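Worksheet: one structure, shown below.
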Amino acid sequence: MSAENVWIFGYGSLIWKVGFEPLEARAGYVQGWVRRFWQASTDHRGVPEAPGRVVTLVPRTDGRVWGRAYRIDPMRADEVLERLDYREKGGYERHLATVWDCDGEVVTSEALVYVATPGNPNWGGPLELEEIARIIRVSRGPSGPNMEYLLRLAEALRAMPAEDEHVFELEKLVTEVSP
């Protein structure tokens, strides 16, 4: 990654709750992944005794995940990455990915993306969508209700516009059924 061209790709709360001032922000996607609510959140949208659920990326050959790419001021890159490392401390690791824009043009071939993998201590893994929806409906953590996270993500994806069957189906389940 070039020190003059630092990009971050956000696919969860980073889409709607950036937390830093980017030089540039562009809607785009990464390929070879799908977004899933498979990461337990004990520090933001849940607590250790009652973890919430947040998104991570799961490898899938035909997958495509829409999000937002942010170009960071190289003079502030260390500060921004330190804050993101703290924010994503609950089991996320940095990976590099290529990001394409809405026209299919490469934005960058070296965007940092935070991914929670099955080996981390907060891995929740796959569950039936109804069970994930139940967890999201009742969970709350220091960053607020888990349901807010899901609903804001769905709203931000529609505004792009981007499709995500997993997110939109969970949104439907969470809003149609009371706790």
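Every number here is computed from the coordinates shown, using simple stated rules; none is lab data. Keep in mind the model is a prediction, meaning the values are calculated, not measured. In this analysis, Cβ positions are derived from the backbone assuming ideal geometry, glycine residues included, and neighbour counts consider all displayed protein chains.
Kindly indicate whether any position in region 15-31 is among the acidic types (Asp, Glu) and assigned to a strand (DSSP E or B).
Yes.
All but one of (1) part of a helix (DSSP H, G or I); (2) touching a strand residue (DSSP E or B) at 6+ places or on another chain (Cβ under 9 Å); (3) not small (Gly, Ala, Ser) hold for VAL107, so report the exception by its number.
It is condition (1) that VAL107 fails.
What is the one condition in (1) more than 22 Å from TRP16 (Cβ to Cβ); (2) surrounded by 17 or more Cβ atoms within 10 Å (Cβ to Cβ) that VAL106 does not satisfy?
Among (1) more than 22 Å from TRP16 (Cβ to Cβ); (2) surrounded by 17 or more Cβ atoms within 10 Å (Cβ to Cβ), the lone unmet condition for VAL106 is (2).
When the residues of region 43-62 are narrowed to those that are in a strand (DSSP E or B) and out of contact with any helix residue (DSSP H, G or I) (no Cβ under 9 Å at 6 or more places or on another chain), which ends up farthest from TYR92 (Cα to Cα)? Walk me through how you get there before you give the answer.
Let us first name the residues in region 43-62 that are in a strand (DSSP E or B), namely 47, 50, 52-62.
Now narrow it down to the ones that are out of contact with any helix residue (DSSP H, G or I) (no Cβ under 9 Å at 6 or more places or on another chain): 47, 56-62.
Numbers: VAL47: 17, THR56: 8, LEU57: 10, VAL58: 12, PRO59: 15, ARG60: 18, THR61: 21, ASP62: 23 Å.
So the residue we want is ASP62.
Of everything in region 149-166, what is closer than 19 Å to THR56 by Cβ and touching a residue at least 12 places away in the same chain (Cβ under 8 Å)? Give them in sequence order.
TYR149, LEU150, LEU151, ARG152, LEU153, ALA154, ALA156, LEU157, ALA162, GLU163, ASP164, HIS166
Would you pick out the residues in region 133-170 that are of a type outside the set (Lys, Arg), farther than 23 Å from GLU88 by Cα and not in a loop (DSSP other than H, G, I, E, B)?
First, the residues of region 133-170 that are of a type outside the set (Lys, Arg): 133, 135-136, 138-139, 141-151, 153-157, 159-170.
Checking which are farther than 23 Å from GLU88 by Cα leaves us with 159-163, 165, 168-169.
ALA159, GLU165, PHE168, GLU169 - these are the residues of region 133-170 that are of a type outside the set (Lys, Arg), farther than 23 Å from GLU88 by Cα and not in a loop (DSSP other than H, G, I, E, B).
Collect the residues in region 59-83 that are more than 20 Å from TRP38 (Cα to Cα) and of a type in the set (A, V, I, L, M, F, W, C), keeping them in residue-number order.
ALA69, ILE72, MET75, ALA77, VAL80, LEU81
Would you please name the residue that is farthest from TRP16 (Cα to Cα), looking only at residues in region 61-98 that are surrounded by fewer than 16 Cβ atoms within 10 Å (Cβ to Cβ) and acidic (Asp, Glu)?
Taking the candidates together, the pick is ASP62.
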